[in-house]
Amino acid sequence: MIDERTKQLYQELLLDHNKNPRNFRVIESASHEAVGHNPLCGDKLVVYLSVNDDKIIEDVSFIGDGCAISKASASMMTTYIKGKSVDEAEKLFHQFHDLATGKIDPDSDEHDLGRLKVFAGVRDLPARVKCATLAWHTVHAASQGEEKVTTE
Ligand code: ZN
């Protein structure tokens, strides 16, 4: 169940992160980068990662264009995984995916997603799940050394 307060917070965060996307830039010296494409909606973004020798994500950014959900999700993701290890980011990716597809309860302690739980709102909109998870799939691909990922 998604309550009214969560819905309202979701709308506010979408607006805020579209108006003022965080970490929206190229990292010239990135150690990893990948292009993510969601042809269903037309979302396309590039994610950059700077991973150090201890496998910590020292910096992360994105550029690209897409719908409000894909951009807000990418923006919020960068603020979330910056400073985390690649393994932690991978764990969050799986949690986020399970949250967006309705496999875990947003109000439970089965996840460490904090405010990202508002994206549970897309679970009733299957086409939007791909928008919300695109940035995460792209980081996953980048960290595996893949250059491209598509939601198709
Ligand atoms: Zn989209």
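Okay, here's what the table says:
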item: Cα-based Lys pair tally, the chain, threshold under 13 Å, eight or more apart or on separate chains; result: 9
item: Among Glu58, Glu33, Glu12, residue whose mean-square fluctuation peaks in a GNM of the chain (springs only between Cα atoms under 10 Å); result: Glu12
item: Accessible surface of Ile63 - all protein chains present, 1.4 Å probe, nearest 10 Å²; result: 50 Å²
item: Nearest-20 debye value, the chain charge dipole, Cβ charges on Lys, Arg, Asp, Glu; result: 500 debye
item: Solvent-accessible surface (1.4 angstrom probe) belonging to Arg22, in square angstrom, nearest 10; result: 70 Å²
item: Sequence-distant residues sharing a close amide H with Ala34 (under 5 Å, placed H); result: Val47
item: Label point distance in nm, Lys91-Lys148, each placed 7 Å from Cα along Cα→Cβ; result: 3.3 nm
item: Within the chain, helix-based [θ] at 222 nm, where runs of 4 or more DSSP H residues each add -39,500 (n - 2.57), nearest 500; result: -13500 deg cm²/dmol
item: Gaussian network model of the chain, Cα within-10 Å springs - most flexible of Ala127, Ala89, Ala100; result: Ala127
item: For segment 4-144, share of DSSP beta bridges that run antiparallel, in % to the nearest 5; result: 95 percent
item: Highest-MSF residue in the chain out of Asp53, Asp43, Asp16 [GNM, Cα springs under 10 Å]; result: Asp53
item: Residue-wise HN-Hα coupling along segment 8-13, computed from phi with Karplus coefficients 6.51, -1.76, 1.60 (Hz; x: Gly, Pro); result: 5, 5, 4, 4, 5, 5
item: Environment charge at Arg5 (Cβ cut-off 13 Å; Lys +1, Arg +1, Asp -1, Glu -1); result: -1
item: Extension gain from Glu4 to Asn18, taking 0.36 nm per residue of separation minus the Cα-Cα distance; result: 2.9 nm
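The values are calculated or read from the model by the stated rules, or taken from the named source; none is laboratory data. All figures in this text were calculated on a predicted structure; none of them were measured in a lab. All Cβ positions, glycine included, derive from the backbone under ideal geometry; neighbour counts span all protein chains shown. Protein only, heavy atoms only, side chains kept; ligands, DNA and RNA dropped before computing areas. Shrake-Rupley method; radii C 1.70, N 1.55, O 1.52, S 1.80 Å.
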